[in-house]
Amino acid sequence: MGPTVHRIVFLGPPGVGKGTQAAILAKELGIPHLSTGDLLRAAVATRTPLGLEAKGHMDAGRLVPDDLVLRILRERLAAPDAQAGFLLDGYPRNLAQARQLEAIAPVETVLAFELPARRLIERLSGRRVCPTCQSVYNVASRPPKVPGRCDRDGTELVQRPDDRPEAISTRLSVYAEQTAPLLDHYRRAGRLQPVDATGSPDEVAARVRAAVR
(Lines give C-alpha, C1' and ligand atoms only; values in the text may rest on other atoms or scores of the structure.)
Protein backbone atom coordinates (compact mmCIF):
# COMPACT_ATOMS: atom_id res chain seq x y z
CA MET A 1 0.00 0.00 0.00
CA GLY A 2 1.13 3.50 -0.80
CA PRO A 3 1.10 6.47 1.59
CA THR A 4 -2.27 7.74 2.84
CA VAL A 5 -3.61 10.67 0.83
CA HIS A 6 -5.83 13.16 2.64
CA ARG A 7 -7.99 15.49 0.54
CA ILE A 8 -9.98 17.56 3.00
CA VAL A 9 -12.22 20.62 2.76
CA PHE A 10 -13.15 22.83 5.72
CA LEU A 11 -16.45 24.70 5.44
CA GLY A 12 -18.01 27.05 7.95
CA PRO A 13 -19.24 30.61 8.42
CA PRO A 14 -16.93 33.57 9.17
CA GLY A 15 -15.61 33.46 12.74
CA VAL A 16 -16.15 29.75 13.31
CA GLY A 17 -12.42 29.02 13.71
CA LYS A 18 -11.64 27.19 10.44
CA GLY A 19 -8.25 28.81 10.02
CA THR A 20 -7.03 27.85 13.49
CA GLN A 21 -8.17 24.24 13.11
CA ALA A 22 -6.86 23.96 9.54
CA ALA A 23 -3.37 25.01 10.64
CA ILE A 24 -3.39 22.41 13.45
CA LEU A 25 -4.65 19.51 11.32
CA ALA A 26 -2.49 20.27 8.27
CA LYS A 27 0.63 20.25 10.44
CA GLU A 28 -0.36 16.95 12.07
CA LEU A 29 -1.06 15.28 8.70
CA GLY A 30 1.93 16.83 6.92
CA ILE A 31 -0.18 18.35 4.13
CA PRO A 32 -0.43 21.96 2.93
CA HIS A 33 -3.15 24.22 4.34
CA LEU A 34 -4.52 26.16 1.38
CA SER A 35 -6.94 29.06 1.20
CA THR A 36 -7.74 30.68 -2.12
CA GLY A 37 -7.08 34.14 -0.67
CA ASP A 38 -3.53 33.14 0.29
CA LEU A 39 -3.02 31.42 -3.08
CA LEU A 40 -4.10 34.54 -4.97
CA ARG A 41 -1.87 36.81 -2.89
CA ALA A 42 1.11 34.47 -3.37
CA ALA A 43 0.55 34.26 -7.13
CA VAL A 44 0.35 38.06 -7.35
CA ALA A 45 3.42 38.56 -5.13
CA THR A 46 5.56 36.14 -7.17
CA ARG A 47 4.26 37.62 -10.43
CA THR A 48 3.42 34.31 -12.06
CA PRO A 49 1.49 34.59 -15.35
CA LEU A 50 -1.71 33.55 -13.55
CA GLY A 51 -0.90 35.93 -10.71
CA LEU A 52 -0.55 38.85 -13.10
CA GLU A 53 -3.89 37.92 -14.66
CA ALA A 54 -5.49 37.85 -11.20
CA LYS A 55 -3.86 41.18 -10.28
CA GLY A 56 -5.57 42.83 -13.23
CA HIS A 57 -8.97 41.85 -11.85
CA MET A 58 -8.07 42.77 -8.26
CA ASP A 59 -6.64 46.17 -9.21
CA ALA A 60 -9.86 46.94 -11.08
CA GLY A 61 -11.91 46.01 -8.00
CA ARG A 62 -13.41 42.94 -9.65
CA LEU A 63 -13.76 39.47 -8.17
CA VAL A 64 -11.24 37.03 -9.60
CA PRO A 65 -13.23 34.72 -11.92
CA ASP A 66 -13.86 31.15 -10.78
CA ASP A 67 -11.99 29.66 -13.73
CA LEU A 68 -8.85 31.67 -12.92
CA VAL A 69 -9.00 30.71 -9.24
CA LEU A 70 -9.31 27.09 -10.33
CA ARG A 71 -6.27 27.35 -12.62
CA ILE A 72 -4.19 28.84 -9.77
CA LEU A 73 -5.42 26.09 -7.45
CA ARG A 74 -4.65 23.38 -10.02
CA GLU A 75 -1.09 24.72 -10.36
CA ARG A 76 -0.64 24.68 -6.56
CA LEU A 77 -2.00 21.14 -6.22
CA ALA A 78 0.62 19.94 -8.71
CA ALA A 79 3.42 20.95 -6.29
CA PRO A 80 5.36 18.12 -4.61
CA ASP A 81 4.11 18.90 -1.08
CA ALA A 82 0.48 18.43 -2.19
CA GLN A 83 0.96 14.90 -3.52
CA ALA A 84 0.10 13.43 -0.10
CA GLY A 85 -3.05 15.53 -0.04
CA PHE A 86 -4.22 19.00 0.95
CA LEU A 87 -6.54 20.85 3.26
CA LEU A 88 -8.68 23.49 1.56
CA ASP A 89 -9.98 26.19 3.89
CA GLY A 90 -13.19 27.90 2.72
CA TYR A 91 -13.15 26.59 -0.83
CA PRO A 92 -15.27 25.61 -2.68
CA ARG A 93 -17.84 28.31 -1.85
CA ASN A 94 -20.62 27.15 -4.14
CA LEU A 95 -21.83 24.13 -6.08
CA ALA A 96 -20.19 25.16 -9.36
CA GLN A 97 -16.77 25.40 -7.66
CA ALA A 98 -17.33 22.03 -5.98
CA ARG A 99 -17.94 20.37 -9.35
CA GLN A 100 -14.86 22.04 -10.84
CA LEU A 101 -12.74 20.87 -7.90
CA GLU A 102 -14.10 17.33 -8.27
CA ALA A 103 -12.78 17.25 -11.84
CA ILE A 104 -9.19 18.00 -10.81
CA ALA A 105 -8.90 16.59 -7.25
CA PRO A 106 -11.80 14.60 -5.77
CA VAL A 107 -12.27 15.42 -2.10
CA GLU A 108 -12.74 12.59 0.41
CA THR A 109 -13.78 14.44 3.58
CA VAL A 110 -15.67 17.70 4.11
CA LEU A 111 -15.84 19.09 7.64
CA ALA A 112 -18.70 21.53 8.25
CA PHE A 113 -18.02 23.65 11.34
CA GLU A 114 -21.16 24.68 13.22
CA LEU A 115 -21.68 27.41 15.80
CA PRO A 116 -24.85 29.34 16.79
CA ALA A 117 -25.19 32.71 15.04
CA ARG A 118 -25.15 34.67 18.30
CA ARG A 119 -21.79 33.10 19.22
CA LEU A 120 -20.36 33.95 15.79
CA ILE A 121 -21.49 37.57 16.16
CA GLU A 122 -19.89 37.73 19.64
CA ARG A 123 -16.60 36.36 18.28
CA LEU A 124 -16.40 38.56 15.21
CA SER A 125 -17.64 41.78 16.79
CA GLY A 126 -14.92 41.41 19.44
CA ARG A 127 -12.14 41.17 16.86
CA ARG A 128 -9.62 44.02 16.67
CA VAL A 129 -6.76 44.37 14.19
CA CYS A 130 -3.47 46.27 14.19
CA PRO A 131 -3.38 48.37 10.99
CA THR A 132 0.44 48.36 11.09
CA CYS A 133 1.41 44.69 11.54
CA GLN A 134 -2.01 43.02 10.97
CA SER A 135 -1.91 41.21 14.37
CA VAL A 136 -5.40 40.07 15.37
CA TYR A 137 -6.87 40.29 18.88
CA ASN A 138 -10.24 39.64 20.48
CA VAL A 139 -11.49 41.78 23.34
CA ALA A 140 -12.99 38.71 25.04
CA SER A 141 -10.79 35.73 24.20
CA ARG A 142 -7.41 37.24 23.23
CA PRO A 143 -7.17 40.82 24.50
CA PRO A 144 -4.01 42.94 24.07
CA LYS A 145 -1.88 43.59 27.17
CA VAL A 146 -2.75 47.30 27.02
CA PRO A 147 -6.43 47.80 26.11
CA GLY A 148 -6.82 49.09 22.55
CA ARG A 149 -3.09 48.90 21.72
CA CYS A 150 -1.07 46.34 19.74
CA ASP A 151 1.36 44.27 21.83
CA ARG A 152 3.99 44.40 19.09
CA ASP A 153 4.15 48.06 18.12
CA GLY A 154 1.69 49.98 20.31
CA THR A 155 -0.48 51.02 17.36
CA GLU A 156 -4.13 51.75 18.17
CA LEU A 157 -6.25 48.74 17.23
CA VAL A 158 -9.20 49.09 14.86
CA GLN A 159 -12.42 47.22 14.19
CA ARG A 160 -12.92 46.29 10.55
CA PRO A 161 -16.19 47.58 9.08
CA ASP A 162 -17.30 44.04 8.24
CA ASP A 163 -16.79 43.00 11.90
CA ARG A 164 -19.59 45.28 13.14
CA PRO A 165 -22.70 43.34 14.28
CA GLU A 166 -24.99 44.56 11.49
CA ALA A 167 -22.42 43.68 8.82
CA ILE A 168 -21.79 40.28 10.43
CA SER A 169 -25.50 39.39 10.29
CA THR A 170 -25.47 40.14 6.55
CA ARG A 171 -22.31 38.08 6.01
CA LEU A 172 -23.81 35.11 7.86
CA SER A 173 -27.04 35.30 5.83
CA VAL A 174 -25.10 35.39 2.55
CA TYR A 175 -22.94 32.46 3.66
CA ALA A 176 -25.96 30.36 4.64
CA GLU A 177 -27.71 31.09 1.34
CA GLN A 178 -24.69 30.31 -0.84
CA THR A 179 -23.46 27.29 1.11
CA ALA A 180 -26.68 25.37 1.83
CA PRO A 181 -26.70 23.68 -1.63
CA LEU A 182 -23.00 22.83 -1.21
CA LEU A 183 -23.60 21.16 2.16
CA ASP A 184 -26.51 19.19 0.67
CA HIS A 185 -24.27 18.10 -2.22
CA TYR A 186 -21.56 16.71 0.07
CA ARG A 187 -24.12 15.22 2.46
CA ARG A 188 -25.73 13.25 -0.37
CA ALA A 189 -22.27 12.06 -1.45
CA GLY A 190 -21.62 10.74 2.06
CA ARG A 191 -18.57 12.96 2.57
CA LEU A 192 -19.93 15.57 5.00
CA GLN A 193 -18.89 15.46 8.66
CA PRO A 194 -20.45 18.12 10.95
CA VAL A 195 -18.12 19.46 13.64
CA ASP A 196 -19.32 21.23 16.79
CA ALA A 197 -17.14 24.37 16.97
CA THR A 198 -18.03 25.31 20.55
CA GLY A 199 -15.41 25.11 23.28
CA SER A 200 -11.65 25.66 23.32
CA PRO A 201 -9.42 25.18 20.26
CA ASP A 202 -8.08 21.95 21.82
CA GLU A 203 -11.60 20.59 22.31
CA VAL A 204 -12.55 21.38 18.72
CA ALA A 205 -9.26 19.91 17.45
CA ALA A 206 -10.11 16.60 19.16
CA ARG A 207 -13.45 16.52 17.32
CA VAL A 208 -11.71 17.33 14.04
CA ARG A 209 -9.24 14.45 14.49
CA ALA A 210 -12.10 12.04 15.22
CA ALA A 211 -13.93 13.19 12.08
CA VAL A 212 -11.02 12.58 9.69
CA ARG A 213 -10.08 9.09 10.94
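The values are calculated or read from the model by the stated rules, or taken from the named source; none is laboratory data. Keep in mind it's a predicted model, so treat the numbers as computed, not measured. Glycine also receives a Cβ, built like all others from the backbone with ideal geometry; neighbour counts cover every protein chain displayed.
Testing G126 on (1) small (G, A, S); (2) under 13 Å from P13 (Cβ atoms); (3) touching a Phe, Trp or Tyr at 6+ places or on another chain (Cβ under 9 Å), one condition comes back false. Which one is that?
(2)
Is at least one residue of region 59-71 modelled with pLDDT of 90 or more, buried (at least 20 other Cβ atoms within 10 Å of the Cβ) and not β-branched (V, I, T)?
no
Tell me which of these Y175 doesn't satisfy, since it passes every other one: (1) part of a loop (DSSP other than H, G, I, E, B); (2) within 14 Å of P14 (Cα to Cα).
The one condition Y175 does not meet is (1).
Could you check P147 against (1) modelled with pLDDT under 90; (2) loosely packed, with under 12 Cβ neighbours inside 10 Å and say which number it fails?
(1)
Under 6 Å between Cβ atoms, which residue pairs at least 6 apart in sequence (or on different chains) link something in region 72-89 that is closer than 21 Å to A45 by Cα with a partner that is among the β-branched types (V, I, T) and assigned to a strand (DSSP E or B)?
L88/V9
Just checking, how many residues over region 90-111 are loosely packed, with under 15 Cβ neighbours inside 10 Å, charged (D, E, K, R) and in contact (Cβ under 8 Å) with a residue 40 or more places away in the chain?
Qualifying residue count for the region: 1.
Quick grid of which residues meet (1) more than 14 Å from V16 (Cα to Cα); (2) exposed (fewer than 12 other Cβ atoms within 10 Å of the Cβ); (3) aromatic (F, W, Y):
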{"position": "P165", "(1), (2), (3)": "yes, yes, no"}
{"position": "L172", "(1), (2), (3)": "no, no, no"}
{"position": "E177", "(1), (2), (3)": "yes, yes, no"}
{"position": "A197", "(1), (2), (3)": "no, no, no"}
{"position": "P201", "(1), (2), (3)": "no, no, no"}
{"position": "A205", "(1), (2), (3)": "no, no, no"}
{"position": "V212", "(1), (2), (3)": "yes, no, no"}
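Looking at region 26-50 only, could you name the residues that are in a helix (DSSP H, G or I), over 16 Å from the mean Cα position of the chain (by Cα) and either surrounded by fewer than 20 Cβ atoms within 10 Å (Cβ to Cβ) or not small (G, A, S) (or both)? Don't jump to the end; show me each part of the working.
Initially, region 26-50 is screened for residues in a helix (DSSP H, G or I), giving 26-29, 36-45, 49-50.
In the following step, the residues that additionally are over 16 Å from the mean Cα position of the chain (by Cα) were identified as 28-29, 43-45, 49-50.
Scanning region 26-50 gives E28, L29, V44, A45, P49, L50.
Restrict the check to region 112-125 and report whether at least one residue is surrounded by 15 or more Cβ atoms within 10 Å (Cβ to Cβ), part of a loop (DSSP other than H, G, I, E, B) and among the basic types (K, R).
no
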